[in-house]
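See structure below.
Read-outs throughout are calculated quantities, based only on the coordinates presented, and are distinct from any laboratory measurement. Source: prediction; values computed, not measured. Reconstructed Cβ throughout: ideal geometry from the backbone, glycine too, with neighbour counts over all protein chains shown.
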Amino acid sequence: MEAHAKSDYFEPGDLTALVCIDDPDLQKTVVDQLAPLNYKVHTGLFVEDISLKLNTHVYDVVIIYETFNDSDLETNQVLLEATGIPASQRRTQYLVLIGPNLVTNDDMAAFAYSVDLTFSLSDVSNLKPVLRRGAIRHKEFYLPFCETLKAIGAV
């Protein structure tokens, strides 16, 4: 089975997700779990394509495969690109790193890799509830900070 590019059309106010997974079965599983959460999804199959998408749209959720393009965590170009986004944009995005060598909800690993959530492949069937809870927590955490920035005119 081949991985297929998915590009929903976005309207203002839509929940958006970028799925950077080059394993077709895993990609389908993840995309299928995002649909009930009302995310409109783009997929990225190549580093250049993902880089362009990250630079032209602020996604609510970005899901990155640990071994994308046969890389590891130190050489993963998608991870490096996503974590290099300016802080003002990163506050509005929820970065998820998914892979065979990760533990679900490992806060220290998430901190070490500059993402918001780590997720184990063995737990992928539970992505939907964990992602929903994590994304809500993320928005609640940053809400006072973002409101303060708006109040002082910094945004």
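Note down the net charge around Pro144, summing +1 for each Lys or Arg and -1 for each Asp or Glu among other residues with Cβ under 12 Å from its Cβ.
Result for the local shell: +1.
Looking at the stretch 28-99, which GluC sites (Glu not before Pro) are DSSP coil and have at most 10 other C-beta atoms within 10 Å of their C-beta?
Passing both the DSSP loop test and the Cβ count: Glu74.
Which of Leu73, Leu97, Leu45 comes first, and how do the rest follow, when ranked by fewest Cβ neighbours within 10 Å?
Ordered from fewest to most neighbouring Cβ atoms within 10 Å, Leu73, Leu97, Leu45 come out as Leu73, Leu45, Leu97.
Between Ser71 and Leu143, what is the spin-label point distance in nm, taking each point 7 Å from the Cα along the Cα→C-beta axis?
Simple spin-label model gives 3.4 nm for this pair.
Translational D (Stokes-Einstein, µm²/s) of the stretch 15-151 at 37 °C and 0.692 mPa s when Rh comes from the Kirkwood sum over C-alpha pairs?
Roughly 220 µm²/s, to the nearest whole number.
Non-local amide H neighbours of Thr16 (under 5 Å, H modeled in plane, Pro and chain starts lacking H): which ones?
Those lying under 5 Å, H to H, from Thr16 are Lys40, Asp60, Val61.
First measure r as the distance between the Cβ atoms of Leu80 and Asp14, then evaluate 1/(1 + (r/R0)^6) with R0 = 25 Å and state the FRET efficiency to the nearest 0.05.
Calculated transfer efficiency: 0.40.
At 7 Å along Cα-to-Cβ for each site, give me the label-to-label distance between Ser122 and Asn38 in nm.
It works out to 3.5 nm between the two label points.
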